[in-house]
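The values are calculated or read from the model by the stated rules, or taken from the named source; none is laboratory data. The shown structure was predicted, so the numbers you read here are calculated from the model rather than taken from an experiment. The accessibility values were calculated without ligands, DNA or RNA, using every heavy atom of the protein model including side chains. Shrake-Rupley method; radii C 1.70, N 1.55, O 1.52, S 1.80 Å.
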Amino acid sequence: MPASAFSEADHSSTGAQSLQGWEESRDWNGNSWHASESGQTWHEASATAAWDARDEIAEPWYIDAHDLVLEPPSGSHCFTMVLLHSCSGGPDDWLPIVHRLDLPFRGKIRFVVPCAPVRHENHGGWSGKMNSWFEYSSDGMQAKSPAELVEQRHRLLKLLQRELTHLPGQDPRRLVLGGLSQGVALAAEVALAADSVIGGLVCLRGSVLASSTQGAVRAGGKGLQVLAYHGERD
């Protein structure tokens, strides 16, 4: 490893030192690099010295476990967006989208981003735990267990009702529901099941479940405005 690979910042942070024509750099694991006029050497610390086996890093855990609420700077709001993340995703997936939302009344919007429950699912031979609003059927057009969909629909309808009480005039048209991927399916299910028409439905890269469009149109589906977006050419 050439001496040029070690910057002054590297030296100061890893304990490098220079004395009479030779140089030593040591990293956090105890490994060291020596350079002198006669050559360069690399020495790896023993496994025992570097770390205790009991302190080895566990397998990464990718599951979110939090609901996210972003309040406007003023502390008061006139509109609320309830945003549903994708399957295996989490509330933080919405942050880049929220930060790029360019609206004249951006400072009057409260963003509420709930987290899907952790489920153990099986997909094409894969089995594991992840955040999921519901498990898909094999064709991807239905919920494998309708009870999971009903559970989350009721949860979101209650959330919308709570948010409605904090809006001016408790006007449901000031509520907007959005979904990303699997979140689209649940968002559409909730919007169509609502007692009154909300301000709009935003669908990003997702599809509606067949069961959500079957039967008579409910109150929430009459006159509902929908923005469906899948790619940059839409």
| field | Accessible carbon and sulfur surface of region 127-234 relative to its total accessible area, %, 1.4 Å | value | 52
| query | What percentages, rounded to whole numbers, describe P(r) for region 59-159 computed over all alpha carbon pairs with 5 Å bin width beginning at zero? | reply | 2, 11, 19, 20, 16, 13, 9, 5, 3, 0
| task | Can you send over the solvent-accessible area of Asp195, 1.4 Å probe, protein chains only, in Å² to the nearest 10? | result | 140
| note | Given a 1.4 Å probe, the accessible area of region 106-234 per residue, as a whole number of Å², is 51
| region 119-194: equivalent-ellipsoid semi-axes (sqrt of 5 x gyration tensor eigenvalues, Cα, Å) | 29, 11, 10
| note | Restricting to lysines and to Cα separations under 29 Å from Lys144, and discarding same-chain partners fewer than 8 apart, the set is Lys129, Lys158, Lys222
| Bin by bin, in steps of 10 Å, what percent of the Cα pairs in region 137-234 do you find, going until the bin that has the longest distance? | 16, 48, 30, 6, 0
| said: With a cut-off of 8 Å between alpha carbons and a minimum separation of six or more residues, what is the relative contact order of region 142-234 in percent? | reply: 26
| task | May I ask you to compute the full-extension gain from Asp67 to Ser196, defined as 0.36 nm times their residue separation minus their alpha-carbon distance, rounded to one decimal in nm? | result | 43.9 nm
